[in-house]
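Peer 1: Could you have a look at this structure, given as structure tokens, before my questions?
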Amino acid sequence: MEEYWVNESLVESAIAGDSDALDLLWTSVRRWVATILLAHKPNETDLDDLLQVVAMQLCRNMSDLRDAKAFKSWLRTVAINAAREEGRKTTRRKRSMLRFVGMDQQHKSTPASAVERVEDSDESNRVYLAAKSLPIGYREPVLLRCTRSMSYQQIGELLDLPVTTIETRIARGRRMLREILAQQEKQAENRKLEYRKQVPFAQQASGGAP
Amino acid sequence: MSTDHTNPNQSQEINQNEQASQPVVGLPGDERDVLISRVIDGVATSEDWKLFRAAAAHDASVWAELAETQQLNEMLSTAVDRQLAHVDEVHVSGGVVDDQPLRARLDIVSRWGGWAAAAAILFFWFFGNPVQITQSNNSSVTAGLIDTGMLLDQAQPDQAFNQYLDAGQRNGQVIGEMPEHIVIETRPMADGTIEVLYLRQVIERQIIDHAYREIFDESGNAVPVPIELSPNLDTRF
């Protein structure tokens, strides 16, 4: 079975309780489901855990689905809700933690996790984190296009948008990505210059703190 | 090349975002972006290529933009592939989710209390009470302060924390502090130092005379259900 294409008769069999059909169906959709999760989940959340949550909901609620044609948009909604729920939990955790240590006034921006900061040195991860900051309407199609090259048509069907809109969003999303990265580089350069102004040359050379 | 939108609502949404487009010599910003995207995605027609070459003849920066976008797209694809590396390991064999990794983590959480207490006891047995170690190590600095019952609002954070551990252990509320701290975040500072946010874990103990189990009704709402406690039964939560 070709990846990403959802066979309606397979969906109907899965709705009717055919577990083999459900297994096949999951195999054909899990990569794009994971990409939707990537687009919506908080950076700190483990993707595999969230994917398992979606798989569980698929197993539990598949038989409630009335229309096989609605399967893709239903599953996408399930994935988005799972990611958003995790986002709310993460926000609550962060808030309580920041209140506890009294840091909320000092650090208003939401920092990436420690792991991500370490991986940040990796160039491709830097691009990925920048892509995660795109507006959601652009983020989803841009990331889906990277998922073993889903076609514009397949992405359009999944997001329920015309192919021309998908094409335009991917094109604009990529330009916005270039602009975000260029801006980040400029800011990093400015920070370095600022640091050089503040710290005497001798201390910079010896690597010492000011 | 057409970038028409068939759905008027979506078109409106797109047009609002179009304000960010930059005017580019030769081709309007959107058309140029779409053209570059088509070339990168390998779906450019011969007509698209003609347009692209004409634009590049007029403005050579189109080539640089193409190369840069292509490189970014490749890096993004690599990163997404890396993120999706374990996706194929999540199965729904026989209509049941194979959630071994998730269950393993939940098991760790459910066993946490017993494991943590055991670890604390072992830790004490091997290394002695960490609070006492801290106090004895800092005796030259803190001698007299804790023993004399220094007021908490006058104590340094570490001294106040040690007082809490000490008092908690005396009345049985505190079992001890876990030896490992959990790092939440590290943040490089401009001066070359590193700020580290971390959790300190204290194991406490409470005696209760009534308990509730949380169950979920058909709407997914949490409902507390009283648990009957009996000394003769191995009641688990």
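The values are calculated or read from the model by the stated rules, or taken from the named source; none is laboratory data. Just so it is clear, the model here is predicted, and its values are computed rather than measured. A quick note on method: Cβ atoms are made from the backbone with ideal geometry, for glycine too, and the neighbour counts reach across all protein chains shown. Note: areas computed on protein heavy atoms with side chains; ligands, DNA, RNA excluded. Shrake-Rupley method; radii C 1.70, N 1.55, O 1.52, S 1.80 Å.
Peer 1: Could you tell me which residue of the stretch B:35-50 is nearest to A:Leu181 (Cα to Cα), considering only residues that are surrounded by 20 or more Cβ atoms within 10 Å (Cβ to Cβ) and more than 35 Å from the chain's Cα centre (by Cα)?
Peer 2: Across the stretch B:35-50, the extreme among qualifying residues is B:Ile36.
Peer 1: Oh, and also: Mind listing whichever residues of the stretch A:147-166 are free of Cβ contacts under 8 Å to residues at least 12 places away in the same chain, facing chain B (nearest Cβ under 10 Å) and assigned to a helix (DSSP H, G or I)?
Peer 2: Selection gives A:Val163, A:Thr164, A:Thr165.
Peer 1: Can you tell me which residue within the stretch B:92-105, out of those that are open to solvent by 30 Å² or more (accessible area, probe 1.4 Å) and facing chain A (nearest Cβ under 7 Å), is modelled with the highest pLDDT?
Peer 2: Here the answer is B:Ser93.
Peer 1: Within the stretch A:36-53, how many residues are open to solvent by less than 10 Å² (accessible area, probe 1.4 Å) and more than 7 Å from chain B (Cβ to nearest Cβ)?
Peer 2: Total satisfying the criteria: 4.
Peer 1: Still on this model: Take the residues in the stretch B:56-69 that are in a helix (DSSP H, G or I) and open to solvent by 70 Å² or more (accessible area, probe 1.4 Å), then tell me which one is nearest to the other protein chains (Cβ to nearest Cβ).
Peer 2: B:Glu68
Peer 1: Within the stretch A:167-193, how many residues turn out to be within 8 Å of chain B (Cβ to nearest Cβ), farther than 24 Å from A:Asn125 by Cβ and open to solvent by 30 Å² or more (accessible area, probe 1.4 Å)?
Peer 2: Qualifying residue count, the stretch A:167-193: 0.
Peer 1: If I ask for residues that are open to solvent by less than 30 Å² (accessible area, probe 1.4 Å) and farther than 24 Å from A:Ser133 by Cα, which ones from the stretch A:15-35 would you list?
Peer 2: A:Ala21, A:Leu22, A:Leu25, A:Trp26, A:Ser28, A:Val29
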